[in-house]
Structures are given as structure tokens and as C-alpha cells.
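Worksheet: one structure, shown below.
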Amino acid sequence: MIRMLHIARRQPRWDLWSDAFCQALREIGEFTILTDGEAMSQSELAERIRGCDVLLTGWSSITIPSKIARDPGSLRYICNVTGSCQPGVPIEIIDSPIPVTNWGDAPAGPVAEGAVVLLLACLKKLPQRQRLIEAGEYRTPQGFRSHTLRDLNLGLYGCGVIGAKFVEMVRPFEPVIRVYDPYVDRLPDGCIRVQSLRELFETSEAVVLHAGLCDETRGTVTAELLALLPDDGVIVNTARGGIIDQDALLAELESGRLWAGLDVLEPDTLAPDHPARRWPNVIITGHCISNGRPIRQDGAGRLRLMHQYALDNIRRHLAGEPLRFIMDRTRYLRST
């Protein structure tokens, strides 16, 4: 019988290791969850890992000792149920013969949907409209301007699986979509490729970020680029906060010149007394815009898409079939 193992740093996250998912794993083989892995020595962790056939990792996992790459014992496959493998899976293991997979395109739909929500809310200026209602007004005052997606010059920074799903969702609204992504060979139909971030910002009224955070993208949305957006321009970030020069962005937002829908910040938190919480042209969603409907804490009877992908890959591993969403060095370094 296949032996599967998860080692949590402290306690396992119930939303990841739900009863439904654990039950499905135990229908495949033996599945064990160990808690308080951060209290184990590196030697004890290595011994535990070498004793399993499949190691399952994800949010709240311990960091695998890098020496497992050289001496894996019985370990033949690492199934990362969530997205980025860093820092839990060291790069030495990615470079080793042990295959590592992640959730692939599982978050594409919910994240893209969240980006559409933030974009539309900024274009329609929903926070300002709501404040007027709360203040006793009903109709917007003369001169109040909002915008529509139709014919909007919409720029995308990054067009991987999430960006492509976003394009699919907004295409019926008929914006003019321009994309900057030097890593994607083929863009979705109807998109216009631009050759630089400068060109993207020069030609856009709204920019949505779908790029991954890596050395090449960190801090690339600069004050100079933000200044190229027109007054009332919009920037939406559901990717990673570190892609934007946050001080420059906050300066633009404090002036009231731009609108922003920000699911992520850098660092990914905001002080309770930060003035941005009260700015009428900013929507901040605390890195949870992609969350789905509430689920019972035991997750009874429900498997999220990431769980379905993990189970499928484990079955593929057992059957000797090709695995999906394998992490190679390039994907690993671009996934954060």
C-alpha cells in the first residue's frame, strides 16, 4: 500500500487538509499527517520523509531538508497541493530526479474573476457611489464620471494561465486589450502584443497585473510608468505587491489622480491606522479576492479543484502515467 505523508510546521490548515480530501487520500492508500514539524530536528524530518512514498506539501508545510535530494529513501514523488513550492521545497529537490507538481491552473478562474471585480468596481467608482448613499444622497452629482469596459484601452502585464482566463472573461465587454509578456509565445485571440512596459502604460487607461514576482519583475511598475496613466486611470493587482513600487503607487493614490484595486501589497499587510484604508479611490481586499463561497470547517463532501488535481496526479503516479503541472527550475523560480 502506498504511504503518503504531510508534515505541518505546527497544525495543518483545515481548509487545505479537509476531511473530504483526507478521506479521498485514504481511499488511495495510507495517509498520515504529522504536526509540530518545526520542533523536529533535520535528521528526524529526513527520516520521516524517507519512510514515505509520496510527500504532500502546501500551505503550513515544513521545509524539506535539502539532503533528501541526494538520499530520498522510499520517496518517489512530491505533490504540492497549493501553488508556489518556495520555500518548503528547496531548489535542490527541483533539480533532482524526484518529480514535484503543484496546483497548476487551479487558481486561474477565481483570481481572474477577482481581478474583473476590482476592475469594474474601480471603473464604476463603486466606493464613491456607496459613500454618497451612506451620506444620504441618492444620485451622483453633476460632473461625476465613471467608465465602461467597452472600447477601454486595457493593458495586461503578464498573460499566463490567469491572464488568459481574465481575457476570456472580459472579452465579451469589448475592451481593446494590449499585453506585455515576454515569456508567452502566443497571446489569446484579439490581444495586441506590446514590446515594453512603457508602451503598455503609454497606451492604457487601465492596467491589470497578472505577472509572477521574480527578480525580473520586482519593482518594475515604477513611478515613471504610473505617471503615464491618464487622470482617472486604474491599476489592478491580484498578482504580487512587490511588482509595483508601492511608495510611488501610494503617492499617486493619495493625490486622487488614479484608482486602484489591490488584492496584494508589499509587504502583504496594512497598518490599522494607514490612511490608505480611508481613501475613496482605493479598494483593498487583503489577498482574499479569489476566495470562493464559505465551506464547512470539515469540508464534508467537497473537493476544491486543487484537491482534485492532487488526487489525479497521485493516481497517475501510481499508474505510471505522466504527471500534470510538473515544477521545473524555470517554473519554480517564477512562482511565488
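The values are calculated or read from the model by the stated rules, or taken from the named source; none is laboratory data. The model shown is predicted, which means the values in this text are computed figures rather than measured ones. Virtual Cβ from ideal backbone geometry, glycine too; neighbours counted across all protein chains shown.
Is it fair to say residue 222 is surrounded by 12 or more Cβ atoms within 10 Å (Cβ to Cβ), assigned by TED's automatic domain parsing to the domain that holds residue 129 and of a type in the set (Ser, Thr, Tyr)?
In short, yes.
So residue 62 ticks every box in (1) among the β-branched types (Val, Ile, Thr); (2) over 22 Å from residue 316 (Cα atoms); (3) without any contact (Cβ under 8 Å) to a residue 40 or more places away in the chain but one. Which box is left unticked?
(3)
For segment 284-295, indicate whether the set of residues that are under 30 Å from residue 253 (Cβ atoms) and modelled with pLDDT of 95 or more is non-empty.
Within segment 284-295, one or more residues are under 30 Å from residue 253 (Cβ atoms) and modelled with pLDDT of 95 or more.
So which pairs qualify, if the first residue must be in segment 41-55 and among the small types (Gly, Ala, Ser), the second must be outside any helix (DSSP H, G or I) and crowded, with 18+ Cβ neighbours inside 10 Å, the Cβ gap must be under 6 Å, and the two must be at least 6 apart or on different chains?
46/65
Here's the yes/no breakdown for (1) among the aromatic types (Phe, Trp, Tyr); (2) modelled with pLDDT of 95 or more; (3) surrounded by 14 or more Cβ atoms within 10 Å (Cβ to Cβ):
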residue: 135; (1), (2), (3): no, no, no
residue: 161; (1), (2), (3): no, no, yes
residue: 200; (1), (2), (3): no, yes, yes
residue: 206; (1), (2), (3): no, yes, yes
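Step by step: first the residues of segment 184-209, then only those that are in contact (Cβ under 8 Å) with a residue 40 or more places away in the chain and of a type in the set (Ser, Thr, Tyr), then the one that is farthest from residue 240 (Cα to Cα). Which residue is that?
The qualifying residue farthest from residue 240 (Cα to Cα) is 203.
Please identify the pairs in which a residue from segment 82-109 that is among the hydroxyl-bearing types (Ser, Thr, Tyr) has its Cβ atom under 6 Å from the Cβ atom of a residue that is modelled with pLDDT of 95 or more and not in a loop (DSSP other than H, G, I, E, B), counting only partners at least 6 apart or on another chain.
96/69; 101/79; 101/313; 101/326
Of all residues being of a type in the set (S, T, N, Q) and in contact with a helix residue (DSSP H, G or I) (Cβ under 9 Å, 6 or more places away or on another chain) in segment 225-282, which is surrounded by the fewest Cβ atoms within 10 Å (Cβ to Cβ)? Just the residue, please.
So the residue we want is 281.
Any residue in segment 136-154 that is under 15 Å from residue 118 (Cα atoms) and assigned by TED's automatic domain parsing to the domain that holds residue 207 sitting within a Cβ distance under 9 Å of a residue that is in a loop (DSSP other than H, G, I, E, B) and modelled with pLDDT under 90? List the pairs, counting only those 6 or more apart or interchain.
Listed pairs, sorted by first residue: 146/140.
Among (1) more than 18 Å from the chain's Cα centre (by Cα); (2) at positive phi, where does residue 186 come up short?
That leaves (2) as the condition not met.
How many residues does segment 59-107 hold that are closer than 30 Å to residue 290 by Cβ and either in contact with a Cys (Cβ under 7 Å, 6 or more places away or on another chain) or outside any loop (DSSP other than H, G, I, E, B) (or both)? Walk me through how you get there before you give the answer.
As a first pass, look at segment 59-107 and keep what is closer than 30 Å to residue 290 by Cβ: 59-64, 77-91, 93-94, 98-107.
Going one step further and asking which of them are either in contact with a Cys (Cβ under 7 Å, 6 or more places away or on another chain) or outside any loop (DSSP other than H, G, I, E, B) (or both), we end up with 61, 77-80, 91, 93-94, 100-102.
Total meeting the criteria: 11.
Residue check: is residue 43 loosely packed, with under 14 Cβ neighbours inside 10 Å and in a loop (DSSP other than H, G, I, E, B)?
Answer is no for this residue.
Here are 167, 179, 184: which of them is in contact with a Pro (Cβ under 7 Å, 6 or more places away or on another chain), of a type in the set (Val, Ile, Thr) and either in a helix (DSSP H, G or I) or more than 24 Å from residue 284 (Cβ to Cβ) (or both)?
None of the other options fit; the residue is 167.
Do we have residue 7 as of a type in the set (Val, Ile, Thr), over 15 Å from residue 75 (Cα atoms), at pLDDT 95 or above and part of a strand (DSSP E or B) here?
Criteria not met by residue 7.
Return the only residue of 70, 76 being among the basic types (Lys, Arg) and under 22 Å from residue 306 (Cβ atoms).
Of the residues listed, the single one that is among the basic types (Lys, Arg) and under 22 Å from residue 306 (Cβ atoms) is 76.
So which of 184, 179 ends up being surrounded by fewer than 20 Cβ atoms within 10 Å (Cβ to Cβ) and of a type in the set (Val, Ile, Thr)?
Just a single option satisfies the conditions, and that option is 184.
Considering only helices (runs of 4 or more DSSP H) fully contained in segment 224-336, which possess at least 3 residues that are free of Cβ contacts under 8 Å to residues at least 24 places away in the same chain and over 21 Å from the mean Cα position of the chain (by Cα)?
Numbers: elements: 246-255, 305-319, 329-334.
The helices (runs of 4 or more DSSP H) meeting that bar are 305-319.
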